[in-house]
1. Need the failing condition index for residue 232 against (1) open to solvent by less than 30 Å² (accessible area, probe 1.4 Å); (2) small (Gly, Ala, Ser); (3) over 18 Å from the mean Cα position of the chain (by Cα), just the number.
2. Tell me yes or no: at least one residue of the range 180-189 is part of a strand (DSSP E or B) and open to solvent by 60 Å² or more (accessible area, probe 1.4 Å).
3. Yes or no: residue 39 of a type in the set (A, V, I, L, M, F, W, C) and in a loop (DSSP other than H, G, I, E, B)?
4. Would it be correct to say that residue 254 is part of a strand (DSSP E or B), touching a strand residue (DSSP E or B) at 6+ places or on another chain (Cβ under 6 Å) and modelled with pLDDT under 90?
5. Scan the range 89-101 and tell me whether some residue there is over 22 Å from residue 288 (Cβ atoms) and assigned to a loop (DSSP other than H, G, I, E, B).
6. Can you work out which of the residues in the range 131-158 that are open to solvent by 60 Å² or more (accessible area, probe 1.4 Å) and not in a strand (DSSP E or B) is nearest to residue 177 (Cα to Cα)?
7. Looking only at the range 106-130, count every residue that is assigned to a strand (DSSP E or B) and either surrounded by fewer than 17 Cβ atoms within 10 Å (Cβ to Cβ) or not aliphatic (A, V, I, L, M) (or both) and tell me the total.
8. Residues of the range 280-298 being open to solvent by 70 Å² or more (accessible area, probe 1.4 Å), in a strand (DSSP E or B) and modelled with pLDDT under 95, which ones?
Amino acid sequence: MKKIVLVILIITFNSCKKNDTNFRLKGNVETISYIYKEATEKFGKVIEGKQINDSLIKLKFNEKGQLTDSLWSKSEYQQANDLWKKNEYQTKKEYKEDLLIRETYYKNKIVSQIKEFSYDDEKKINEITNYDKNKKILDKRVYKYLDKLNYVKIYNGDGSLIETEKMIFDKDNYLIQIINSKGNTTFKYVDGIIREKKHIKIVIKDREAELNSSEHTDKLTYIKISEYNSDGQISKYNEISDFYTTSSNGESYKNGGGSNILKYSYPKYDEFKNWTKQVVRYDTQISHVIERKISYRK
């Protein structure tokens, strides 16, 4: 569960014009470090423990508030050697005229992947191309703009079409819906700040091929809901799954599923009103604490 929370923390912040589009930061931030700690709760008070392995994340920003460097480590199992190895990952971002033009990904200081961005005359994204370390195309995203509706055609490295993604915007040009093979994602805003993100995916699976029988059809529904506070910071994350089976006579019954809920609170802020401590609860129990150390340019 802790690794899932780590991903949510980094990628789900709402945009802010003063800083990088994935963060809502105040002041001229130079660096941020995230440290994860074990935690318990006694007599209503949060007691912090030791640092969790693979929990240190370091971010760097330029003077315009754009994220330029991300560094983190992760222990991964190597089946061939039957051992765990700690790998270091890094992403470097390059900008031109305030537009992101390249992301370079490293594993243990060796380039593993490159992503390049191109734009039209109105500075809208035209193409995003992923390359491997040898500059071979892995995939490409091509954008087409139609008023409040964008289409993104996603291609394999060989040029064959994978799918077409649809992005819908409201009258204020806020993204409100994404539709693709991964499901349907909707967004809700209050005064320009995201307050809810909801993702739904439905999988229907006919088990005839597996069981040599047409008696069972499984319907799997996955729902992920992220809620945000008035500052645009995540406050709740809920994963819901429901499994239903329908027999050949039309009878349907539930045969599995459940819900996982994470709740986030922010007990400490710095002088710029950026949070410096986040408490994460899994259902009603303390999961862990995240400390955020922020340095500013003078």
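The values are calculated or read from the model by the stated rules, or taken from the named source; none is laboratory data. Please read all numbers here as calculations on a predicted model, not as lab measurements. As a convention, Cβ positions derive from the backbone with ideal geometry for all residues, glycine included, and neighbour counts pool all protein chains shown. The accessibility values were calculated without ligands, DNA or RNA, using every heavy atom of the protein model including side chains. Shrake-Rupley method; radii C 1.70, N 1.55, O 1.52, S 1.80 Å.
1. The failed condition is (3).
2. Yes, the range 180-189 contains a residue that is part of a strand (DSSP E or B) and open to solvent by 60 Å² or more (accessible area, probe 1.4 Å).
3. Here the answer is no, as residue 39 does not meet what is asked.
4. yes
5. yes
6. Only one residue fits best here, namely 148.
7. Within the range 106-130, residues that are assigned to a strand (DSSP E or B) and either surrounded by fewer than 17 Cβ atoms within 10 Å (Cβ to Cβ) or not aliphatic (A, V, I, L, M) (or both) number 15.
8. 282, 285
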